[in-house]
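Trainee: Take a look at the following structure, please.
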Amino acid sequence: MSDPLRAAAHAHPDAPALDDGRRVWTYAELDAAVGRMARRLAPLGAGPGSTVALVAHPSPLSVQAVWAVPRTGSVLAPLNPRLGAATMERALEAIGPDLILSTEHDVSDMALEADWITTLDDLPRPAGGEGGADATPEPESRPFALLWTSGTSGDPSAVPILASALEASARACVGRLGLTGEDRWYASLSLGHVGGLALVHRAAYAGCLLLVRGQFSAEVLAELIERDGLTHTSLVPTMLARLLDSRKGESVPSTLRCLLIGGAATDGALVTRVVEKGYPVALTYGLTEACSQVATAPPDLVAEKSGTSGLPIDGLELRIQKDGEIYVRGDTVSPGVADEEGWLATGDLGRLDGDGHLWITGRISDRIVTGGATVHPRSVEVVLEALPGVSAAAVVGIPDDVWGEAVVALIVLDPAGEVDPKALMAQARERLSASELPRRIELADSLPLTANGKTDRDSVRALFLGLSHA
């Protein structure tokens, strides 16, 4: 099994690899620390045939664990510490870890009994001392990691991620975004998110510096942009909106090269606003089963065609089925999720323009059938979010005796917005077809989100159903 960190340590041992704001590790130092951690984990049950869960935000110890666990021969299973108790329980039951790792700082932030957890802060030294070699890697067919995800089917499951897929994804992203050893990337996403895990490999593959500051903070990101020469970070749209709020009126330094936006259907109006403020935005479409990125539009393309996810990354093919579903095939697709010809049905809807650029239009499971007409919620949300005074919108369908389903919308206004629902409905009526027009609009201070920053449509639907029965 390839080890990009070890390769980086041999290629440029003195280059900076990891920065937590207090210390900077070179690639040689990080590689040595990972080796020590692997040897300390082995007596605790990590080794060939075992699975080790890692429940921690990005930190020096958790990044070391991402590399150390596979070096023991174990399969890594990173989980977001912010998962709710029920979700965490389901994930652990499905994964069946032999060992659960975290840090002292993260233990208080999760829905787990502390007695079940081994903290990385003070791992016992092996009886024979720190010497010895790492475990012999298992064959390439053994997963590097298992990632818990709602998946293409909508049914939560643990998806196997191969080391070869992570390397192929890293290679393609480095090429698409022009990442170099001089770049500095802030780890904003959970290690339990495919984007967060893929970043650790991408940074090592490129030989760049990974900045870790724990759980995402827009204020921390703003400071890194302004004072630390940050060049790259990955964000979901809600994070992007929070960054704008924290940097109102601030100019964009020339050192910032790319905000990589993905993880949810991206608001075209938000992207346009961000680009107009001078931020270099890249848009990506991806999924866990394809090891992160499927198609990525670099900043120059986004500035020209705001909203597109661009061309598929190197090593991947795309096709659009007659019903609009996106199919993917290539080097980064996980084993066991594709058909006999290698095509993965993503459950997402999209189209290709004349240049072969991908545009995401929604998700099959989100489609609303009202009065015999099919409505794509994301298409309605884009229109609503373009209305004056609207910051965000979530559109869902709820049961209706006459129409089968009724289209409803939860709206978040700009902080200075004073638009009432009737006025919004009047404006929407001018821009939407009769079937797309929400039958009800409610206002909220914010949209409910999942742990990965996506709109929680089930919660939105439950809100409207609760109001219907109130």
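Values quoted throughout were computed directly from the atomic coordinates according to the rules given, and no laboratory measurement underlies them. Note that the structure is a prediction, hence the values are computed from the model and not measured. Note that we place each Cβ from the backbone using ideal geometry, even for glycine, and neighbour counts take in every protein chain shown.
Trainee: Identify, among 75, 27, 49, the residue whose Cα sits farthest towards the positive end of the charge dipole of region 5-76, taking +1 on the Cβ of Lys and Arg and -1 on the Cβ of Asp and Glu, with the dipole about the Cα centre.
Mentor: With unit charges placed on the Cβ atoms, the residue in question is 49.
Trainee: Let me ask something additional. Would you please give the residues with an amide H less than 5 Å from that of residue 74, counting only those at least 5 places away or on a separate chain, with H modeled from the backbone geometry?
Mentor: Residues meeting the criterion, in which the H sits 1.01 Å from N, are 47.
Trainee: Sorting check: for 310-322, 284-296, 350-362, which peptide has the highest mean count of neighbouring beta carbons within 10 Å, and how do the rest follow?
Mentor: Packing proxy ranking, top to bottom: 284-296, 310-322, 350-362.
Trainee: Same structure, new question: Based on the Cβ-Cβ distance of residue 355 and residue 434, what FRET efficiency does E = 1/(1 + (r/R0)^6) give at R0 = 35 Å, to the nearest 0.05? Could the numbers behind the result be given before it?
Mentor: Values: r = 33 Å, r/R0 = 0.95.
Working from the Cβ atoms, E equals 0.60.
Trainee: Out of 295, 318, 330, whose Cα points farthest toward the positive end of the dipole of region 216-364 (charges: +1 Lys, Arg; -1 Asp, Glu; placed on Cβ)?
Mentor: Value: 295.
Trainee: Counting other Cβ atoms within 10 Å, which GluC sites (Glu not before Pro) in region 373-470 have at most 15 and lie in a DSSP loop?
Mentor: The qualifying sites are 418.
Trainee: Using r as the Cβ-Cβ distance of residue 419 and residue 108, and R0 as 60 Å, what FRET efficiency do you calculate, to the nearest 0.05?
Mentor: So the FRET efficiency works out to roughly 0.90.
Trainee: Can you tell me how much longer the chain between residue 304 and residue 339 gets when fully stretched, taken as 0.36 nm per residue apart minus their C-alpha distance, in nm with one decimal?
Mentor: Full extension of this stretch gives 9.0 nm more.
Trainee: Over the Cα atoms of the chain, what radius of gyration and what Dmax do you get, in Å?
Mentor: 22.6, 75
Trainee: From the gyration tensor of the Cα coordinates in region 216-364, what semi-axes in whole Å does the equivalent ellipsoid have, largest first, with each one equal to sqrt(5λ)? Let's see the in-between values first.
Mentor: Values: eigenvalues 185, 48, 33 Å².
Computed over region 216-364, the values are 30, 15, 13 Å.
Trainee: In whole Å, how far is the Cα centre of region 364-385 from that of region 57-72?
Mentor: Here the answer is 42 Å between Cα centres.
Trainee: Determine Rg/Rh for region 367-468; Rg is computed over alpha-carbon atoms and Rh is the Kirkwood hydrodynamic estimate from the same atoms. It would help to have the intermediate numbers written out before the result.
Mentor: On the way: Rg = 12.8 Å, Rh = 13.7 Å.
Using Cα coordinates only, the ratio equals 0.94.
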